[in-house]
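The values are calculated or read from the model by the stated rules, or taken from the named source; none is laboratory data. These figures come from a predicted structure and were not determined experimentally. Glycine gets a Cβ as well: all are built from the backbone with ideal geometry, and neighbour counts include every protein chain shown. Remember, those area values only see protein heavy atoms, side chains included, never the ligands or the DNA or RNA. Shrake-Rupley method; radii C 1.70, N 1.55, O 1.52, S 1.80 Å.
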Amino acid sequence: MMKSPPCGWAKTTIGALADVARGSSPRPIADQRYFVNGSIPWIKIADATKSEKYLYETKEKVNEYGASFSRLLPAGSLIVAASGTLGYTQILGVPGCVHDGWLYVTNLCGADRDYIYYFLQWKKQHFYNSAYGAAIQNINTEILRNTEIALPPLEAQKRIGEILSAYDDLIENNTRRIKLLEQMAQMLYREWFVNFRFPGHEKVKMVESEVGSVPETFTVVKLGEALDFENGKAAIPTEDGAFPLYGSNGIIGRCSTARYENAVVIGRVGAYCGSTMFCKSGFWASDNTIVAKPASIANLSVEHVYWLLQEMNLRRYAGGAAQPLLTQSVIRQILITVPDKRTSEVARRVLEPLMGLIANFQTKNSNLRVTRDLILPKLVSGEVSVERLEEEALTQPV
């Protein structure tokens, strides 16, 4: 049961404030008739968990025929994950069709959309506690409708939404910068080391090898010869930890100590098997990851290693019956091309500053998320008033 709301706040439920319904999927979902020449975003859980507050892009698109079997929602709609990452909430940045793994909230009355978004984010544990199912946990429309909420006056809701949105806007801007820098680095890597149009390539003869035609100054080796691998280790997160804790899908917490630095983290198991993350400063990697670094004999920088592994699509080497699993024994045998020392050094001088900027923006985003997640529950629960928060902000040194 909900505690008594703060003075001036109204106690109600999500269902009393809005319409709640479930998304829908065309079946069988493998039928390509629903997707051929599709232009309407088809929103699945995996698309959303790669986004920030707003969802703008999806991996797949349905056509109008497919959309007729789904739920087409306008931009600005609130969607809540009903399975998988229970309670994960997003706002649609574009119109799109929602998969049946989503619930959606429309026609809000007397409530600010951004405030409801942050409230639902805060209630994730409530949804996990309310879930049903053995193998796969789920929540349904009734659980969401009956979720109790304490609402401050509308103006206070809007102010709370504005304060928290300011953090997400900064995160969104930094994420766009990261994407642009990544595109630049990826284009350079592909041009030099996939198309082999690196500086001075005109003077280098191409020769046949086990992996096809390669520059004669490059070497074909097994991945295990060029890189050192180590499985990550389980760790107990701490709220005030100084170092990021990486799981297979990115930062999942903080740790008080760092086990690695300047390396690439690879998702080893599950939905994010084969994902790669560039980690410049000190960090810890969980036991569902593999940590990769250049071997001492290789002419490779960590920045080069990151893009090498990105281009390889490591997930296709995964085994496992119940869920995909990457093992060192398999990936060590993959053949790759290693550039000569001069070309590798030129690449390092270009890639290092680009990846350094990316790492800086990622650190800024991590710090912004920590601060936002610290004040979010205090604001939406009424523990701290907007007025008090703003007064404290004014007393902080500039």
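Projecting the Cα atoms of LEU325, GLN362, ILE336 onto the dipole axis of the range 257-372, where Lys and Arg carry +1 and Asp and Glu carry -1 at the beta carbon, places GLN362 farthest toward the positive end.
Relative to the longest principal axis of the Cα atoms of the chain, the long axis of helix 341-380 lies at roughly 10 degrees. In this simple spin-label model, placing a label point 7 Å from the Cα along the Cα-to-Cβ direction at both ARG33 and LEU188 gives a separation of 5.0 nm. Each of the peptides 298-310, 179-191 was scored by the mean count of other Cβ atoms within 10 Å over its residues; in descending order, highest first, they stand as 298-310, 179-191. Of the trypsin sites (Lys or Arg not before Pro) found in the range 1-82, those in coil by DSSP whose Cβ has at most 15 other Cβ atoms within 10 Å are LYS3, LYS50, LYS59.
With a ≥ b ≥ c the root eigenvalues of the C-alpha gyration tensor of the range 251-398, is it rounded (a/c under 1.5), prolate (a/b larger than b/c) or oblate?
Values: a/c = 3.36, a/b = 1.74, b/c = 1.93.
Since a/c reaches 1.5 but b/c is at least a/b, the shape of the range 251-398 is classed as oblate.
Rounded, prolate or oblate, given the Cα gyration tensor of the range 184-231, with a/c below 1.5 counting as rounded? Walk me through the intermediate numbers first.
Values: a/c = 2.60, a/b = 1.32, b/c = 1.98.
It is oblate, given that a/c is not under 1.5 and a/b is not larger than b/c.
Taking LYS364 as the anchor, which aspartates and glutamates have their alpha carbon closer than 15 Å to its alpha carbon, excluding any fewer than eight residues away along the same chain? Hits, sequence-local ones excluded: GLU52, ASP168, ASP169, GLU172, ASP373. For the chain, the residue among GLY8, CYS273, TYR246 whose Cα projects farthest onto the positive side of the dipole built from Cβ charges is CYS273.
In this structure TYR117 has an accessible area near 10 Å², from a 1.4 Å probe over the protein heavy atoms.
Of the listed residues TRP42, TRP122, TRP192, the order by accessible area with a 1.4 Å probe, largest first, is TRP122, TRP192, TRP42. Only protein atoms count toward the accessible area here, which uses a 1.4 Å probe; on the range 151-292, the carbon and sulfur part of that area reaches 52 percent. Place +1 on the Cβ of every Lys and Arg and -1 on the Cβ of every Asp and Glu in the range 147-241, take the dipole about the Cα centre, and give the residue among ASN195, GLN183, PRO237 whose Cα lies farthest towards its positive end. The one lying farthest along the dipole's positive direction is ASN195.
Ligands, DNA and RNA are left out, and with a 1.4 angstrom probe the accessible area of the chain is 50 Å² per residue.
Dipole magnitude of the chain about its Cα centre, charges +1 at Lys/Arg Cβ and -1 at Asp/Glu Cβ only, in debye to the nearest 20?
Charge dipole, the chain, about its Cα centre: 520 debye, nearest 20.
Magnitude of the Cβ-charge dipole of the range 269-370, K/R +1 and D/E -1, about the Cα centre, nearest 20 debye?
100 debye
The angle separating the long axis of helix 113-122 from the principal Cα axis of greatest extent in the chain is about 70 degrees. Axis angle, to the nearest 10 degrees, between helix 154-193 and the longest C-alpha principal axis of the chain: 10 degrees. Listed here are the pairs LYS61/LYS158; LYS53/LYS378; LYS11/LYS44; LYS280/LYS378; LYS205/LYS341; LYS179/LYS293; which of them are more than 25 Å apart at the Cα? Result: LYS61/LYS158; LYS11/LYS44; LYS280/LYS378 exceed 25 Å.
Once you order the gyration tensor axes a ≥ b ≥ c over the Cα atoms, which shape class does the chain get: rounded for a/c under 1.5, otherwise prolate or oblate by comparing a/b with b/c?
Numbers: a/c = 2.19, a/b = 1.65, b/c = 1.32.
Prolate shape, in that a/c is at least 1.5 and a/b is the bigger ratio.
A Cβ-based charge dipole, computed about the Cα centre of the range 110-214 with Lys and Arg at +1 and Asp and Glu at -1, lands at about 180 debye.
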